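Q: Encoded as structure tokens, here's the structure I'll be asking about.
The values are calculated or read from the model by the stated rules, or taken from the named source; none is laboratory data. In this text, all values refer to a predicted model and were calculated from it rather than measured experimentally. Here Cβ is always computed from backbone atoms with ideal geometry, including for glycine, and neighbour counts include all displayed protein chains. Accessible surface is based on the protein model in full, side chains and every heavy atom, while ligands, DNA and RNA are left aside. Shrake-Rupley method; radii C 1.70, N 1.55, O 1.52, S 1.80 Å.
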Amino acid sequence: MLSRIGQRKGKLDPFVQRGALRRKAEGRAVVRQTIITSLAFVVLVAALTREPKRNALVSVDLSEAVSRQEVRAEIPFDSVDLEATEAERARASSSVPGLYYIDQERVSTQLNSLRSRIAWITGQRDTVRQAVLGALKNARPEDDPDVLVEKTILQTVTDLRTQNQDAELPEPAVLALWLMPDAQSLPAVVFTPAQGDAADPATPVVAFDPPEPRPLTFSTGDGLARLALEGLEFVLMEGIRPRGAAPGAAAQQVAILRNNRLPDVQVGATQAFADVPDIETAAVMLRERLRTTTPAVARELGVPDAWAKLHEAAVAMAEPGVSDTLRYDMVSTASARERAREAVPPVARPIHAGQIIQDDGKLWTEQSREDVKIYVSKLENEENPLKRLVGALVAHVILAGLVLVGLSRSVSLLKGETSGMALQYFNLALLILCVTLIVGRVISYFEPTGFIVPMATGSILFAILANMRLASLFGIFLAVLLSAQYGYDWRVLVAGIGMSLAGTFSIFHVRRRSEMAAASIKATVVGLVIMVAISLTMDSMLSEAAWRRMLLIAFNGGICLLAVPALLSPLERLFSITTDIQLLEYSDLNNPLLRQLAIEAPGTYAHSQTLGQLAEAAADAIGANGLMARVCAYYHDIGKMRRSEYFTENQTGYNVHDDLSPRLSARAIAAHVVQGAEMAREFHLPKPIIDGILEHHGTCLIGFFYEQAKKQNKHGDLSEQDFRYPGPKPQRPETAILMICDAAESGVRSIKNPNEERVREFVDSIVASRSADRQFDDCDLTLKQLNVIAEVVTQRVLTNLHTRIAYPDLKQEKKVANVIPMPSGGEP
């Protein structure tokens, strides 16, 4: 007895044993995945980190005409683009206007000349006074004093003008206004008769009141002097260009430097040289200026109505003084333009790690000398290479770790409907990342910009093999790593993200090879547009660097166009991922397995074809993969070929189950699932098709034989498990749809006089029974989706059950004996 107890203790329970084996397998899977992730992490860090090299350039001889060694940049740095910098500085220099200044000496000369003329006129006031007083003494009673004064002044001014030959003096009529005394200052004239008999009574005696006249005042002359001087100074200080050719073209922009800032003059304003007034225009400006200021002086003098005469008098005196006062300041212009040149910062010219600065045996250029000088200074001021390597390693470890963590979280959150494929998707992403970065590292030794690396290829492949959401994030992660690999170049980052997203969004369900080509072309177009934007931002579209970047992107797109279809099939098989393209290949009815099914089990073959159309329509209606449902339907009953006579659709009269017990019949029926899966593996069918074979009956009860067994079994030891399919239950919506459609398509034939109501009731009973049996627990189907499936299945089944009308029998008519047939076979 003790030995039996020992034996019992040493023997493990089967359930415990299976649990231990499962935990052991899970442990091995975790270890294997940890090793894969660690290796990928090491590869990523190694691909990102470039070994530091010190080029022996400190002693490079830049004085030679021909370089004796190749100079290749080992670190990225920014040089100075001499040509672009010179162009920018020339543009800044030319934008500085020509500087002109007001010739103050000339202004003073013209103003002094006007003052001297005014002083001469002022000096003639005594002569005018004597002439006016003498005329008044000799006045007669009938004489008008005002007219007499005007005539006297005009005559006096005429005589004075004749004596002075100054051509700039105005005419006597105008000059008389300058010497017109104020009426208030003229003495009153008193006429008295002569005394004595000898005197002529007609001759009056003139006296003044007061007897001693006051000095005459000339307010009008003083006001005119102010007007003329202010108006002439304003015009001269505005700047008057000389006649004839001027420095620079007429459209040249100029700025006028004015030392004396008058209230109404804008100092230093920029304008076209042609807009600067010449002497004729300045004379018009003088008239306009005096027309503005004269009315105020006229009101001040008490003669507001006479402002027009005052205006003409002031213009006549000031206009001869209008002369050119603008002079070109060559020194100030050159100084301002030089300051503008110096203010322009040097235009950066990025040099990438691995880029050749100077070829061996080629002539030195000014640009290459400048690049090497800056490169040497960078190397001399650089930190210890070992320290730099450690810093780069730490940075890349952090970056690669963040990318892997982000990728892992993205796969777990965005894996979509294929929840069991998360591990394959993650490993696929690791492989594409590692291969792309290795390719990028190899390319960097020959082409340092990174624009030729096929950035969109990985994203398009990932979108086809996984899903679009995951591929979008994957493309961003890949672009970040590539930009870090090429010296954290933001242009590589922008181009990589743009091309990856364009390729990803252009492809969703791929069922034709041309769709992959279209995605690659769209990604290339987006990359070219991004390069145009970058070129317009950094340099010019006509520059050599811009065209080189465009060609590299175009070549990148060509690589993507060829690489995507070439790599798709190996990746499908390596990661056991089934795409629509692969499903389309297995949907070919000339497939050897389907042809064998059509020969050995024709009834099953016909049932599979009908079921395929039914399942595809139902799957498409709820947004599932209709193609997968149809292909799974084609192969779901291939196991029936082993014993085709056991299934009613292949029987021709004799029913083999009449000679078998219900239990054996149930086992024979259920065996077609396992046998079908075995045949599928022998023919290397994709996993979704094998899953469809195993899951299309789930763990449903084989009800017909179970009921027979219950009737025959009278001892109550009947096990329901012996009459169920081996399963598993449907794990995806497509196999659940296949289960419903299979039962509906085969069972609806038993309905007598089928119509829409009866068929719908039958389909609903199938859905209800399968739901009650918990067959849909693992496939995430909602009640709404089940209702849509039932509706579609009902309509399609009714269509398949349509009847044709009965055509009446056509009796052959008797031909008339005397009718001769026509050669064409017709009758007349």
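Q: What value does the range 589-694 have for Rg/Rh, both radii from Cα atoms and Rh as Kirkwood defines it? Walk me through the numbers on the way to the answer.
A: Details: Rg = 14.3 Å, Rh = 14.3 Å.
Rg/Rh: 1.00.
Q: Here's a follow-up. With a point put 7 Å past each Cα toward its Cβ, work out how far E366 is from R32 in nm, to one decimal.
A: A separation of 6.6 nm, rounded to one decimal place.
Q: Now a separate question. Below 8 Å between Cα atoms, with a sequence gap of 6+, how large is the relative contact order for the chain in percent? Don't jump to the answer; show the numbers that get you there.
A: Values: 1064 pairs, mean separation 92.8, N = 828.
Once divided by the residue count of the chain, the mean separation gives 11 percent.
Q: Compute the relative contact order of the range 729-806 as a whole-number percentage, counting only Cα pairs closer than 8 Å that sit 6 or more residues apart in sequence. Present the calculation step by step, with values, prior to reporting the outcome.
A: Values: 54 pairs, mean separation 34.8, N = 78.
Result for the range 729-806 is 45 percent.
Q: Could you run the Debye sum over the Cα atoms of the range 468-534, one equal point scatterer each and no solvent, and tell me log10 of I(q)/I(0) at q = 0.23 Å⁻¹, two decimals?
A: Reported log10 I(q)/I(0), two decimals: -0.94.
Q: Would you calculate the separation in nanometres between label points at R512 and D764, each defined as 7 Å from the Cα along the Cα-to-beta-carbon direction?
A: Between R512 and D764, the simple spin-label model gives 4.2 nm.
Q: Is the range 578-627 rounded, prolate or oblate when judged by the Cα gyration tensor, a ≥ b ≥ c being the square roots of its eigenvalues, rounded requiring a/c under 1.5 and prolate requiring a/b larger than b/c? Let's see the in-between values first.
A: Numbers: a/c = 4.24, a/b = 1.47, b/c = 2.89.
Cα axes put the range 578-627 in the oblate bin.
Q: Along each of the three principal axes of the Cα atoms of the range 263-367, give the extent in whole Å, ordering the values from largest to smallest.
A: 92, 24, 19
Q: Related question: What number comes out for accessible area per residue over the chain if the probe is 1.4 Å? Units Å², please. Each step should come with its number before you reach the end.
A: Values: 44400 Å² over 828 residues.
Accessible area per residue: 54 Å².
Q: I need the calculated FRET efficiency for the pair K309 and Q104, taking r as the beta carbon distance and R₀ as 35 Å, to the nearest 0.05. Write down the numbers at each step before the final one.
A: On the way: r = 33 Å, r/R0 = 0.94.
The formula returns an efficiency of 0.60 here.
Q: The chain: Rg/Rh from Cα coordinates, Kirkwood Rh?
A: Working: Rg = 54.9 Å, Rh = 39.3 Å.
The Rg/Rh ratio comes out at 1.40.
Q: Using DSSP to call loops (not H, G, I, E or B), can you name the chymotrypsin sites (Phe, Trp or Tyr not before Pro) in the range 687-772 whose Cβ has at most 12 other Cβ atoms within 10 angstrom?
A: Working: sites: F704, F705, Y706, F723, F762; in loops: none.
Passing both the DSSP loop test and the Cβ count: no residue.
Q: Return the loop-located trypsin sites (Lys or Arg not before Pro) in the range 616-709 (DSSP other than H, G, I, E, B) with at most 12 other Cβ atoms within 10 Å of their own Cβ; answer none if there are none. Mind dumping the intermediate values first?
A: Numbers: sites: R630, K640, R642, R643, R663, R667, R681; in loops: R642, R643.
Passing sites in the range 616-709 do not exist.
Q: Please work out how much length the chain gains when fully extended from D78 to L62, using 0.36 nm per residue of separation minus the C-alpha to C-alpha distance, in nm with one decimal. Please list the in-between numbers first.
A: Working: separation 16, 0.36 × 16 = 5.76 nm, distance 1.94 nm.
Here the segment from D78 to L62 would lengthen by 3.8 nm.
Q: Too long at a 28 Å Cα-Cα cut-off: which of K711/K784; K24/K729; K151/K309; K711/K752; K640/K729?
A: Cα-Cα > 28 Å for K711/K784; rest within.
Q: Before rounding to the nearest 500, sum -39500 (n - 2.57) across all DSSP H runs of length at least 4 in the chain and divide by the residue total; then give [θ] at 222 nm in deg cm²/dmol. Please list the in-between numbers first.
A: Working: 29 runs with 492 residues, N = 828.
Taken over the chain, the calculation gives -20000 deg cm²/dmol.
Q: Would you kindly state how much longer the chain becomes between A274 and E544 on full extension, computed as 0.36 nm times their sequence separation minus their alpha carbon distance, in nm to one decimal?
A: Here the segment from A274 to E544 would lengthen by 93.2 nm.
Q: Place +1 on the Cβ of every Lys and Arg and -1 on the Cβ of every Asp and Glu in the chain, take the dipole about the Cα centre, and give the residue among A272, A768, L473 whose Cα lies farthest towards its positive end.
A: Checked the options; the winner is A768.
Q: Using the Kirkwood radius over C-alpha pairs as Rh, can you work out the diffusion coefficient of the range 646-749 via Stokes-Einstein at 4 °C, viscosity 1.567 mPa s, in µm² per second?
A: Numbers: Rh = 14.9 Å.
Translational D for this selection: 87 µm²/s.
Q: Taking all pairs of distinct Cα atoms, average 1/r, flip it, and tell me the Kirkwood hydrodynamic radius of the range 418-457 in Å to one decimal place. Mind showing how you got there, number by number?
A: Working: mean 1/r = 0.0877 Å⁻¹.
For the range 418-457, the Kirkwood estimate is 11.4 Å.
Q: Same structure again: Along the positive direction of the dipole of the range 49-158 (beta-carbon charges: Lys, Arg +1; Asp, Glu -1; about the Cα centre), which of L133, A87, A119 reaches farthest?
A: L133
Q: Right, something else. Ignoring ligands, DNA and RNA, what percent of the 1.4 Å accessible area of the chain is carbon and sulfur?
A: Here it works out to 57 percent.
Q: Note down the nm distance, to one decimal, between modelled labels 7 Å out along Cα→Cβ at K710 and at T162.
A: 15.6 nm
Q: So what's the projected area for the range 420-557, the Cα convex hull averaged over all directions, in nm²?
A: Values: hull surface 32.2 nm².
Here the figure is 8.1 nm², rounded to one decimal.
Q: In the full protein assembly as shown, how much of K151 is accessible to a 1.4 Å probe, in Å² to the nearest 10?
A: Taking all protein chains as shown, K151 has close to 140 Å².
Q: Need one number: the % of Cα-Cα pairs in the range 66-186 sitting beyond the 20 Å mark.
A: Working: 4822 of 7260 pairs.
Considering the range 66-186, 66 percent of its Cα-Cα pairs are separated by more than 20 Å.
Q: Report the extension gain between T293 and A348 in nm, rounded to one decimal, defined as 0.36 nm multiplied by the number of residues separating them, less their alpha carbon distance. Intermediate results must be reported in sequence, preceding the final value.
A: Working: separation 55, 0.36 × 55 = 19.80 nm, distance 5.80 nm.
Gain on stretching T293 to A348: 14.0 nm.
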